[in-house]
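The values are calculated or read from the model by the stated rules, or taken from the named source; none is laboratory data. All of these numbers come straight from a predicted model, not from anything done at the bench. For neighbour counting, all protein chains shown are included, and Cβ atoms are generated from backbone atoms with ideal geometry for every residue, glycine included.
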Amino acid sequence: MNCNRLFHRLLFITAALFCCMAIVSPASAKDTIKIGVLHSLSGTMAISETTLKDTILMLVDEQNKKGGLLGKKIEAVVVDPASNWPLFAEKARELIEKDKVAAVFGCWTSVSRKSVLPVFEELDNLLFYPVQYEGEESSKNVFYTGAAPNQQAIPAVDYLMNEIGVKRWVLAGTDYVYPRTTNKILQAYLKSKGVADADIMINYTPFGHSDWQSIVADIKKFGTAGKKTAVVSTINGDANVPFYKELGNQGITADNIPVIAFSVGEEELSGIDTKPLVGHLAAWNYFMSVNDPANDEFIENWHTFIKNPNRVTNDPMEAHYIGFNMWVKAVEKAGTTDAGAVQDAIIGVTVPNLTGGYSAMMPNHHITKPVLIGEIQEDGQFEVVWQTPGLVVGDAWSDYLPGSKDLISDWRAPLKNGNFKVTK
Amino acid sequence: MFTSPKSRFPALLFILAFAMYAAFFEGLPANAAARTFDQGLEKLTQKDFNNKIQGLEQIVQSKDPQVEKLLSALLEGDLYYTQKDKEVVYATKSDGQYTTTGVLSNDVTQQVGSRSIRKIGINNNIRKKLKGWLSLLQLYHGPPRERADAVYRLLGKLSPDMVDSLKDLYEQETSHKVRQALATAIAIDTLKTGNNEAKLSALSQLKGSLHPAVKTGLINLINEKTSEQVQKKATKILQRIESRIAFYGFLETLFFGLSAGSILVLAAIGLAITFGVIGVINMAHGELIMIGAYTTWVIQQLLPHHLGLAICLAVPGAFLVSALSGIVIERSIIRFLYGRPLETLLATFGVSLVLQQAVRSVFSPLNRAVSAPDWMSGSLVLNPILSLTMNRIVIFFFCLFVFGALFLIMKKTSLGLQVRAVSQNRAMARAMGVPASRVDALTFGLGSGIAGVAGVALSQLTNVGPNLGQAYIIDSFMVVVFGGVGNLWGTLLAGLSLGTANKFIEPFSGAVLAKIIVLVFIILFIQKRPQGLFPQKGRAAG
Amino acid sequence: MKRLSFIFDDKLGIPLLIALGAAMIMVPVLNLMVPETNFFHVSTFTMSLWGKYLTYAMLAMAVDLVWGYLGILSLGHGVFFGLGGYAMGMYLMRQIGTRGEYGHPILPDFMVFLNWDKLPWFWHGFDMFPFAAVMIVLVPCLLALVFGWLAFKSRVTGVYLSIITQALTYSLMLAFFRNEMGFGGNNGLTDFKDLLGFSLLSDGTKAGLFAVTAGCLILAYLACRYLVSSKLGRVLAAIRDAEDRVRFLGYNVETVKLWVFVFSAGLAGIAGALYVPQVGIINPSEFSPLNSIEIVVWVAVGGRGTLYGAVAGALVVNWAKSYLTGALPDAWLFALGALFIVVTIFLPKGIAGLIRLRKEAA
């Protein structure tokens, strides 16, 4: 083989590859306001996060059609942190330092948020985090537009206890911090309502757990003790499909042992055959089936934007919708995209949500939301069967955990503290 | 509604049953009944669930002949009302259009659009009530099996007056099955209410029953202060029941283990061919499984009304698609890397990244729903505490079938002979006229095709998404190495035993620790027997 | 001079060492001294990014030492990297003190959160840097010693060895994911404040870390270079190429393998320890088998059996990954996958082979 020729050919291939890269790199216009989109587009979390990237792109698109912000167009800078937690921190830094974005919309898992948190605090930028989470955190730079435990878990348990008469509880979750904390809070809450230890079963499984035979059989046994039993599921993402399939096959139906899930929404259901699941529940702050003009418009825009009339909408998408609009309003109020000014301006900002009401940014950087309980229908949608009478204020520090009972968070002027200790 | 009493159901009994049915739900005079039925129907069209429940209660009280049909239609989600005049109708869907039949008017209307009628939504409370009513109604007609099931469903939920009616029913009943069920129900009640003598005879009746309500009844009885004789007998029976439960629990765990093992075998056996026979470390094996699962989904999309047929067609379909992908990978990449097993690892790792992203681009990163045909859903109930899920039974036998087929191919066909020859001594095989490179491609295709078939099975159990393959690749390697590279029997035995071991450890340690223990065991086992369970013998070894 | 010949004989290593030495001095200077507006300013982002790559390069070198020179393909080197990282992370966690969210003087936040009332025994001592520093090397080495002793004594080789190293890293990943283990579960260790009293948020500390990383890489390079060009190095290559023959010649093959494996594990541990303060998080996904395979891919891309190749491979692949995840967020895996395929088929000796080829052609 002629070494020289081979070498030249290789050199050519490499050069061609790099040319491709150079062409694709985004040409940035000068007079735009940039925002960062930090959602995994590959790896294990891509399944959930890709949709949120598209949501932000749609919202930016609409805002630009309305004339942009402060007379400028908004430009979204998309990066792929690839479900890799250190890469999240790296990409966050890249967005802020290199691309000079005014705010970032992103993250899904708690660990990705924990990973980027120091970066946002160091560089003083804004992160809008759209997913329900475990609470126990309040940062000057993060706005939590998803539900805190008191905006999802506790109302759900109240519903089961009071409306369905559940006496025995299975708390099943994936072994990570959100289920651990939620279950801890729920355990304390149930005990305060007089539920005995013997009537609570707690089970943790690893990420992506796929063999649910033994656990479902245990739940079934636990449910035959003669008291009404329910499962509170904080099982994450991919593990849900095999879990629900096993439930259906072992004959656990919603009328004997209902399962209420905090991480299963319309999008997760679109990957499951829902026939055996009819009647199982989920607690969220938004359902696609909610009858409201703003929601109808949102769904229509989404279908046009994504060019697929079968795509569903879900709760984290609504959280991004609220978060993005709040940021826009706060920037308009402050007259600048400067992070410090926006942080001050955004507290108290109120925007319409998609369930027929308004959500407000509270001083603890959490928002007000209604809590809805829905039952799974055959078409993969939820039918709302119960909802809180008013809006619930997100609580950064749970009242049911010993360490955090005495902490409050208030980012308004005199206090400006995320974990202030109040002695009662 | 009792228009067609079964022949085994004498007329006398039928009348009695009717009277009892009336006793369950205080009866009403005839025209009042018709009125209540109409009012009930009207309430069904309201949005509030409590109103619906009231409406349903009225409907049930009315004893209208249509009650059972109406209730089951509501439960199945076939009950609608018209948008225009709020008439309640039964509706069946075909090709996006509905055919409706008025509940009161009996008018049949064809080709109704989905916008002009609305489904009557129900929640769990209603669903539960409906099932209870339907169970009661089924007590009085239908084949004995169904009636017995209806009794068992009512166990533990019976009120005293219901028990009285059951006693009457028991006297009249002719079917042994139903009598047995009724006797159990009555005996459980006697444990609570009867005198000592009655309790003792009830205990004898309950001796062999495994139903959970029996166990609860016995436990309650023992905790109560009763005579020593009763206590003693109850304790003895409870012990016997518990030992039987333990035995069936063991069988259940064994089944779980074999099922988990069969999935490991399915995932690994293709790898046993590519890795064991031609020495390629195929990191893209998981993605070939994924391709098989997506093929299943595509075929199901093409045949939406024939789920069973779609699954059956998916087996050869997935085999072909994955095998072709495998041959393409082999011809374009692996061909250049024979004799450098570790480099095949790197190249196929690249292939796996590309395939994953390709699936993400073509099918979107979202999971796809693959439905199960009827014969693969639900479970086979052997007794009240042991039931085996159908899909796993089917997959277990499917796994054995795939193994058998592969074994025959390797041992009985000329391809198998050539494959074995090439794997043992490449140069010699070529000298004997075996087209080695064609055999390589076909072997790789065979291994890949089997991976695709595994994908069909996995689509019935887990997510069909871009990450499907990654979840199984590591486990597959463990199984192949544990079993001994290049030995199909080894793979079968390794998969089944690792699955079973995992399931027997799981109750004591939890799912994660069980897996860690099994992995550590494999590591230590390989130290003891570096060539796995069944080492290759002779010159080919090493 | 003769004693240093192991450095000067290494024709391609010298430019690399010079480049590393220059980077070690210049990058921090350009970051700290040169104003941001200046063309020559190196942003903190770029600096920590390359700091991270350098720790990867060190890890790649550790893998190359056992794979390229000794013929042991370890698909589990992420384990040693991760353990070193966790040891460093534990030290950094203990440094937080009362500055955590709950202000607990001893327990890290995640323990308060999960209602642990006292520190688990294996967390003791990590508040002292010297102890942590010893652990960073000792823990990976001990694991390598036990694992290697078992594996090499029973003569597990080739693919079997690769697969059980994979099992090792997989089981540790599962174990560390468990919250009961006391390492923070999936969230891992994060929210670090300072290292040896220097705030991790300041540019000065980052520049210092970069310089230390570059320095460690140079030292590690020299150590590995010394090892492979000594007599021992020739024994290593001999074991790689004909293990039995070396054994018949009277060498104790197992012992040689074991100690080189342990050395490599220690190196990976140090790399992990340098990695953690620069990225600010350590999580069980570092143990994931795919991560370990990726390390092997860096070495293969760079060129196995040459130390500078391993370093170059790690730098190039990771730079490409960073670049592509920003520039082609939807399709970067295609490019990366294609790169691996192209390299294995057309460049079996990696980038190093390409450079050598050019020298020979010229």
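Here are a few things to note about the model shown:
- Unmet criterion (only one of (1) more than 22 Å from residue C:7 (Cβ to Cβ); (2) within 14 Å of chain B (Cβ to nearest Cβ); (3) modelled with pLDDT of 90 or more) for residue C:299: (1)
- Taking region A:200-217 as the range and being within 30 Å of the chain's Cα centre (by Cα) and within 22 Å of residue B:219 (Cβ to Cβ) as the test, the residues that pass are A:200, A:201.
- Residues of region C:177-206 that are more than 7 Å from every other protein chain (Cβ to nearest Cβ), out of contact with any Asp or Glu (no Cβ under 9 Å at 6 or more places or on another chain) and assigned to a helix (DSSP H, G or I): C:181, C:203, C:204, C:206.
- Close Cβ contacts (under 6 Å, 6 or more residues apart or on different chains) running from residues in region C:26-51 that are surrounded by fewer than 16 Cβ atoms within 10 Å (Cβ to Cβ) to residues that are among the aliphatic types (A, V, I, L, M) comprise C:40/C:30; C:40/C:34; C:41/C:34.
- Condition met for residue B:221 (under 31 Å from the mean Cα position of the chain (by Cα) and closer than 25 Å to residue A:220 by Cα): no
The rows are residues; the columns are (1) of a type in the set (Ser, Thr, Tyr); (2) within 14 Å of chain C (Cβ to nearest Cβ); (3) surrounded by 21 or more Cβ atoms within 10 Å (Cβ to Cβ).
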{"residue": "A:158", "(1), (2), (3)": "no, no, no"}
{"residue": "A:170", "(1), (2), (3)": "no, no, yes"}
{"residue": "A:174", "(1), (2), (3)": "yes, yes, yes"}
{"residue": "A:179", "(1), (2), (3)": "no, yes, yes"}
{"residue": "A:188", "(1), (2), (3)": "no, yes, no"}
{"residue": "A:193", "(1), (2), (3)": "no, no, no"}
{"residue": "A:196", "(1), (2), (3)": "no, no, no"}
{"residue": "A:204", "(1), (2), (3)": "yes, yes, yes"}
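- Positions within region C:25-62 being within 18 Å of the chain's Cα centre (by Cα), farther than 25 Å from residue C:261 by Cβ and of a type in the set (A, V, I, L, M), in sequence order: C:47, C:49
- Screening residue C:87 against (1) assigned to a loop (DSSP other than H, G, I, E, B); (2) touching a residue at least 60 places away in the same chain (Cβ under 8 Å) leaves a single unmet condition, (1).
- Only a single criterion out of (1) aromatic (Phe, Trp, Tyr); (2) more than 30 Å from residue A:253 (Cβ to Cβ); (3) surrounded by fewer than 22 Cβ atoms within 10 Å (Cβ to Cβ) is not satisfied by residue A:321, namely (3).
- Checking residue B:366 against (1) out of contact with any helix residue (DSSP H, G or I) (no Cβ under 7 Å at 6 or more places or on another chain); (2) assigned to a loop (DSSP other than H, G, I, E, B); (3) within 29 Å of residue C:289 (Cα to Cα), the condition it does not meet: (1)
- Here region C:325-340 is the region considered, the condition is being closer than 22 Å to residue C:59 by Cα and among the hydrophobic types (A, V, I, L, M, F, W, C), and the residue that is nearest to the other protein chains (Cβ to nearest Cβ) is C:340.
- The set of residues in region B:223-263 being buried (at least 24 other Cβ atoms within 10 Å of the Cβ) and either β-branched (Val, Ile, Thr) or in contact with a Leu (Cβ under 6 Å, 6 or more places away or on another chain) (or both) consists of B:234, B:261, B:263.
- Residue in region C:21-30 that is part of a helix (DSSP H, G or I) and over 29 Å from residue A:96 (Cβ atoms) present: yes
Yes or no, residue by residue, for (1) acidic (Asp, Glu); (2) touching a residue at least 40 places away in the same chain (Cβ under 8 Å); (3) closer than 30 Å to residue B:382 by Cβ:
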{"site": "A:252", "(1), (2), (3)": "no, no, yes"}
{"site": "A:260", "(1), (2), (3)": "no, yes, no"}
{"site": "A:273", "(1), (2), (3)": "yes, no, yes"}
{"site": "A:278", "(1), (2), (3)": "no, yes, yes"}
{"site": "A:281", "(1), (2), (3)": "no, yes, no"}
{"site": "A:285", "(1), (2), (3)": "no, yes, no"}
{"site": "A:289", "(1), (2), (3)": "no, yes, no"}
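- Residue, farthest from the other protein chains (Cβ to nearest Cβ), within region A:207-263, restricted to residues that are among the aliphatic types (A, V, I, L, M), in a loop (DSSP other than H, G, I, E, B) and touching a strand residue (DSSP E or B) at 6+ places or on another chain (Cβ under 6 Å): A:235
- Filter pass, residue A:299 being touching a strand residue (DSSP E or B) at 6+ places or on another chain (Cβ under 8 Å) and either of a type in the set (Val, Ile, Thr) or within 14 Å of chain B (Cβ to nearest Cβ) (or both): no
Table: residues versus (1) surrounded by fewer than 23 Cβ atoms within 10 Å (Cβ to Cβ); (2) within 21 Å of the chain's Cα centre (by Cα).
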site	(1), (2)
A:230	no, no
A:249	no, no
A:259	no, yes
A:274	yes, no
A:280	no, yes
A:292	yes, no
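- Hey, residue B:507 away from every other protein chain (no Cβ under 14 Å), at pLDDT below 90 and farther than 14 Å from residue B:276 by Cα or not: no
- The strands (runs of 3 or more DSSP E) falling completely within region B:42-123 that include 1 or more residues that are aromatic (Phe, Trp, Tyr) map to B:79-82, B:88-94, B:97-102.
- The single condition from (1) away from chain A (no Cβ under 14 Å); (2) touching a helix residue (DSSP H, G or I) at 6+ places or on another chain (Cβ under 8 Å) that residue B:340 fails is (2).
- For the residues B:319, B:275, B:247, B:336, the requirement of being modelled with pLDDT of 95 or more, more than 20 Å from the chain's Cα centre (by Cα) and either in a helix (DSSP H, G or I) or farther than 21 Å from residue B:456 by Cβ (or both) singles out B:319.
- Those residues of region C:87-143 which are more than 14 Å from chain A (Cβ to nearest Cβ) and at positive phi, in sequence order: C:97, C:125
Yes/no matrix, rows are residues, columns are (1) in a helix (DSSP H, G or I); (2) farther than 30 Å from residue B:364 by Cα; (3) not small (Gly, Ala, Ser):
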position	(1), (2), (3)
B:428	yes, yes, yes
B:473	yes, no, yes
B:477	yes, no, yes
B:500	yes, yes, yes
B:503	yes, yes, yes
B:512	yes, yes, yes
B:521	yes, yes, yes
B:525	yes, yes, yes
B:530	no, yes, yes
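- Residue in region C:251-265 that is under 13 Å from the mean Cα position of the chain (by Cα), within 14 Å of chain A (Cβ to nearest Cβ) and under 28 Å from residue A:206 (Cβ atoms) present: no
- Scanning region B:131-146 for residues that are buried (at least 18 other Cβ atoms within 10 Å of the Cβ) and under 24 Å from the mean Cα position of the chain (by Cα) turns up just one, B:135.
- Within the set B:449, B:490, B:465, the sole residue that is surrounded by 24 or more Cβ atoms within 10 Å (Cβ to Cβ), in contact (Cβ under 8 Å) with a residue 24 or more places away in the chain and closer than 16 Å to residue B:282 by Cβ turns out to be B:449.
- Some residue of region C:81-97 being surrounded by fewer than 18 Cβ atoms within 10 Å (Cβ to Cβ) and under 18 Å from the mean Cα position of the chain (by Cα): no
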